[in-house]
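What follows is a set of notes on a single structure, which appears directly below.
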Amino acid sequence: MSYKDETQALAAYKAGKVDYLDALPLQEIAAIEADSHYKELFISKPVLEVYWLGFNITREPYARNYLLRRALNYAIDREAIIKNTLGGGYIPAKGVIPTGSQAFNPQMRGYTYDPDKARELLAEAGYPEGRGLKPLTLTHNQDPGHSMIAKEISRQLSLLGIPVQVQGQDWDYYTKQLSNRQLSFFRLGWQADYPDADNFLYILFHSTSGGSNLTAYQNPEVDKNLDASRAEYSNEEERQKLLKRAEEIIVDDAPCLWLFQKKTTILTGQDVRDIKIDSLGMINWSEVALSS
């Protein structure tokens, strides 16, 4: 049976009509997770899917200005957005590689909310207190959730004197603009096709990746490390080191405003047992059991 939205589906679940629910209303997730009634029924796990904002680094004001790009990263309170807008359904992203990947680096410093550091870098970038910076246009595909996030990003940046105009586009036009690199500041979502950091690093940031390198990012050192990682067949530890080194350089260059990693959230019925979710958000249904 299909439902018109997550709220209607959740109502059906509570009425005992549904034994498996994998799309929950964002505003309900925190309450469900805190409710002891759902302790054995609610499952939440980070998956290899990320939500960032991309900068087209061939366009002003982002071109040749990594200080500005870093400043924007430090200006965002990711935890507040996750709590107040996303119902706790995500975790903060500090870099490219999401947790759950073998190359994930828990020591990655990345970018945390630091408005003082953001102001310092903004001044070094040539825009003290935002002066001289033309309004940034943040473009996203039309969706209530994306719109809420974009508006909150705009609000937070405005606190540092950074003007932002939010622009929503329908999906077909948005993807056409993205693939043609016509957008300068945009929503970027990526879900792994296979559970390896290469699927994020090479596909999105190698200079030869063409249409999937949506930020137009180029760095010879990154290319060198990623090429070497693909050529390394005998030493997995060395391959992982090469991937981590590539990530460090990319994060330092800040071609994106790293935001969140998605958590899959599901509710199961009282009689459902042994559901396990892998890093791609997939379930081996042959292992799932029903108790009478």
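The values are calculated or read from the model by the stated rules, or taken from the named source; none is laboratory data. Predicted, not measured: the structure shown is a model, and the values here were computed from it. Ideal geometry is used to build each Cβ from the backbone, glycine not excepted, and the neighbour counts take in all protein chains shown. Each accessible area value is taken on the protein alone, full model and side chains, heavy atoms only, with ligands, DNA and RNA left out. Shrake-Rupley method; radii C 1.70, N 1.55, O 1.52, S 1.80 Å.
Values computed for the structure shown
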read-out: Matching residues, region 55-71, being in a helix (DSSP H, G or I) and touching a Gly at 6+ places or on another chain (Cβ under 9 Å); value: L67, L68
read-out: Selection from region 193-209 of residues that are open to solvent by less than 10 Å² (accessible area, probe 1.4 Å) and either in contact with a strand residue (DSSP E or B) (Cβ under 6 Å, 6 or more places away or on another chain) or hydrophobic (A, V, I, L, M, F, W, C) (or both); value: A197, F200, L201, L204, F205
read-out: Region 152-192, subset surrounded by fewer than 16 Cβ atoms within 10 Å (Cβ to Cβ) and hydroxyl-bearing (S, T, Y), residue nearest to A80 (Cα to Cα); value: S158
read-out: Identity of the residue in region 1-28, open to solvent by 80 Å² or more (accessible area, probe 1.4 Å), touching a residue at least 40 places away in the same chain (Cβ under 8 Å) and outside any helix (DSSP H, G or I), that ends up nearest to K83 (Cα to Cα); value: D22
read-out: Lone qualifier among T58, T99 - being open to solvent by 30 Å² or more (accessible area, probe 1.4 Å), touching a Lys or Arg at 6+ places or on another chain (Cβ under 9 Å), under 30 Å from R230 (Cβ atoms) and of a type in the set (V, I, T); value: T58
read-out: Any chance N84 is open to solvent by less than 30 Å² (accessible area, probe 1.4 Å) and of a type in the set (S, T, N, Q); value: no
read-out: Long-range neighbours under 8 Å by Cβ, at least six apart or interchain, first residue without any contact (Cβ under 8 Å) to a residue 12 or more places away in the chain within region 209-220, second open to solvent by less than 30 Å² (accessible area, probe 1.4 Å); value: S212/L204; N213/L204; N213/F205; N213/H206
read-out: Tally, over region 191-210, of residues that are within 22 Å of E221 (Cβ to Cβ), of a type outside the set (V, I, T) and not in a helix (DSSP H, G or I); value: 5
read-out: Meets criteria (in contact with a strand residue (DSSP E or B) (Cβ under 7 Å, 6 or more places away or on another chain) and closer than 23 Å to G189 by Cα) for R59; value: no
read-out: Qualifying residue in region 210-220 (condition: open to solvent by 40 Å² or more (accessible area, probe 1.4 Å) and modelled with pLDDT of 95 or more); value: yes
read-out: Within region 86-190, helices (runs of 4 or more DSSP H) holding 1 or more residues that are touching a strand residue (DSSP E or B) at 6+ places or on another chain (Cβ under 6 Å) and not acidic (D, E); value: 144-158, 171-179
read-out: Scan of region 127-145 for residues that are under 17 Å from F55 (Cβ atoms) and either open to solvent by 50 Å² or more (accessible area, probe 1.4 Å) or within 24 Å of the chain's Cα centre (by Cα) (or both), ordered by number; value: K134, P135, L136, T137, L138, T139, H140
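Every residue, every condition in (1) crowded, with 17+ Cβ neighbours inside 10 Å; (2) modelled with pLDDT under 90; (3) part of a loop (DSSP other than H, G, I, E, B); (4) not charged (D, E, K, R), yes or no:
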{"site": "Q240", "(1), (2), (3), (4)": "yes, no, no, yes"}
{"site": "D252", "(1), (2), (3), (4)": "no, no, no, no"}
{"site": "W258", "(1), (2), (3), (4)": "yes, no, no, yes"}
{"site": "Q270", "(1), (2), (3), (4)": "no, yes, yes, yes"}
{"site": "I275", "(1), (2), (3), (4)": "no, yes, yes, yes"}
{"site": "S279", "(1), (2), (3), (4)": "yes, yes, yes, yes"}
{"site": "S286", "(1), (2), (3), (4)": "no, yes, no, yes"}
{"site": "S292", "(1), (2), (3), (4)": "no, yes, yes, yes"}
